[in-house]
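Everything below concerns the one structure shown next.
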Amino acid sequence: YPSEYGLAGKEVPFESTTKLLAQYQEILKGKSNPLMPAAIWNGGFYLWRCGVCPDFRAGLARAEDLFTSGNVEQKFKEIVDYLHKLK
């Protein structure tokens with residue numbers, strides 16, 4: 001349960017695609033918003049499950065660090081740049 005890891009939050013209502021995409025962009029830039037706990041939870045799970053981190057708690061900590069340090073944003077930009085070069 002997210003609450004056991006300090007990531008509890010309320011359900012975030014869907015308001016519009018535009019707002020959702022803006023919130024995603026904020027997360028990529030490491031800015032906290034109501035969706036950040038879900039991003040950390042999901043990222044942490046996959047970091048642990050794929051063997052990058054030794055346990056779930058370490059995965060959560062690493063995911064939070066990757067978001068807030070700008071590493072996720074940088075990797076996203078690298079992927080976008082690469083895809084543009086393929087066109």
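Some observations on this one:
- GNM flexibility winner over the chain from VAL72, VAL12, VAL52 (Cα, springs under 10 Å): VAL12
- Placing pseudo-labels 7 Å out from each Cα toward the beta carbon at ALA38 and LYS19 gives an inter-label distance of 1.3 nm.
- Applying a DSSP loop filter and a limit of 13 other Cβ atoms within 10 Å to the GluC sites (Glu not before Pro) in the stretch 4-87 leaves GLU11, GLU15.
- Candidates per chymotrypsin sites (Phe, Trp or Tyr not before Pro) in the stretch 1-85, loop by DSSP, up to 10 other Cβ within 10 Å: PHE14
- Our helix-only sum for the chain, with -39,500 (n - 2.57) per DSSP H run of n ≥ 4 divided by its residues, gives a mean residue ellipticity at 222 nm of -20500 deg cm²/dmol.
- For the stretch 74-87, 3J(HN,Hα) computed residue by residue from phi via the Karplus equation (6.51, -1.76, 1.60; θ = phi - 60°) reads 4, 5, 4, 4, 4, 5, 4, 4, 4, 5, 5, 5, 6, 6 Hz, glycine and proline entered as x.
- Label-to-label distance for GLU78 and ASP55 is 3.0 nm, based on points extended 7 Å past Cα in the beta-carbon direction.
- Phi angles of the stretch 16-22 translate, via the Karplus equation with coefficients 6.51, -1.76, 1.60 and θ = phi - 60°, into HN-Hα couplings of 6, 4, 4, 5, 4, 5, 5 Hz per residue; Gly and Pro are given as x.
- Dipole in debye (nearest 20) - the chain, about Cα centre, beta carbon charges: Lys, Arg +1; Asp, Glu -1: 260
We did not get these values from a lab; they are worked out from the coordinates using the rules stated. Just so we're clear, the structure is a prediction, and the values are computed from it rather than from any experiment. Ideal geometry is used to build each Cβ from the backbone, glycine not excepted, and the neighbour counts take in all protein chains shown.
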